[in-house]
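Everything below concerns the one structure shown next.
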Amino acid sequence: MTPELPLLRDDGVIASRLGCTVCTDGQLGFLFRADTAEVFFDCVECMSGFMVVPGGGLSAGLCINDPVWDFRPATPGENQSSGLGASMELRP
Ligand SMILES: [Zn+2]
């Protein structure tokens, strides 16, 4: 049996099953913030960012471009360690 692989967005970011609470239109993706070593999420539609809060929920929408955070796509291992790895979208 082959392991399940995460689904990537067009920008190479692993997609989640979480929806954006700001624009209610976008699917959130997993990013990794290099300056604080934290996994967070972004909305591909409205560019809002969401931090993981204690208990495994998401923060209110934040602006990730002002100031510009130092971030890159998160890896599957980082997603698992965030506590929200189960929300990774898997390839069909
Ligand atoms: Zn959005």
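Every number in this text was worked out from the coordinates using simple rules, so none of it is lab data. Just so it is clear, the structure is predicted and the values come from calculations on it, not from any experiment.
For the chain, the ratio of Cα radius of gyration to the globular rule of thumb 2.2 N^0.38 Å stands at 1.01.
Give me, ordered by chain and number, the residues 5 or more places off VAL39 or on other chains with an amide H under 5 Å from its own placed amide H. Sorted by chain and number, the residues that satisfy this are ARG33.
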